[in-house]
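K.L.:
A single structure is presented below for examination.
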Amino acid sequence: MRKTRSDGELLRAIAADADRSAFEELYRRYAPWLLARLRGRCADPGLVDDVVQETFLAVWRGTARYREEGDVAGWLWRIGSRRLIDALRGDGARGRLRQALSRIRHRDEESAEERVLAGVEHGDLAGALVRLSPELRAVLQATVIDGLTTREAAVLLGIPPGTVKTRAMRARKQLREELA
């Protein structure tokens with residue numbers, strides 16, 4: 001069985017030897033987490049995907065150097081969040097156009113959130129979510145709220161992809177039964 005390398009060992013291997021397997025291991029370890037966190041800061045999934053890729057490219061190319069101070073997740077977060085800010089600042093005209101279009105939306109038109117809430121007429125969604133077990137709630141958080149794929153959620157939660165699918169199915173079934 002192969003020994004799991006520490007974050008520091010992976011980063012040293014990437015910097016010194018351009019070790020592709022070390023880079024892939026670091027990416028698998030942190031990309032889902034970074035993607036989920038950045039999605040909480042930006043509603044544009046394409047932009048977030050680009051920022052995650054740029055973050056890891058900076059690590060691979062050596063333009064971002066880890067100085068072995070603090071944890072690697074925090075270091076990656078600093079790189080990713082700065083890149084997201086830069087990307088959003090560069091979004092100038094497109095962002096202004098998006099804001100203008102959102103202002104001219106018809107006042108009596110329901111938002112997506114209002115349509116979802118209207119569909120849950122006779123149920124206590126918040127209460128039903130609280131009554132889910134922590135394991136089922138964590139899977140819903142990762143897949144629905146954070147928007148991770150089954151594989152990404154499995155890495156983030158440290159469980160097999162099949163378990164993610166099973167727990168998601170059980171959570172949906174329990175919510176349907178409680179809200180019916």
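No value in this document is a laboratory result; all are computed from the given coordinates. In this text the structure is predicted, and so the values were computed from the model without any measurement. Using ideal geometry, Cβ is built from the backbone for each residue, glycine included, and neighbour counts are taken over all protein chains shown.
K.L.:
Pop the C-beta distance of E24 and M169 into the FRET formula with R0 = 30 Å and round what comes out to the nearest 0.05. All intermediate terms of the calculation are to be shown ahead of the outcome.
P.N.:
Numbers: r = 30 Å, r/R0 = 1.00.
FRET efficiency, E24 to M169: 0.50.
K.L.:
Regarding segment 1-89, what is the average projected area of its C-alpha convex hull, in nm²?
P.N.:
Numbers: hull surface 23.9 nm².
Hull-based average projected area comes out at 6.0 nm².
K.L.:
Quick one: length gained pulling S6 to R131 fully straight, 0.36 nm per residue minus the C-alpha distance?
P.N.:
Working: separation 125, 0.36 × 125 = 45.00 nm, distance 3.70 nm.
Once the chain is fully extended between S6 and R131, it gains 41.3 nm.
K.L.:
Could you tell me the distance between the Cα centroids of segment 1-31 and segment 145-180, to the nearest Å?
P.N.:
Cα centroid of segment 1-31 versus Cα centroid of segment 145-180: 28 Å apart.
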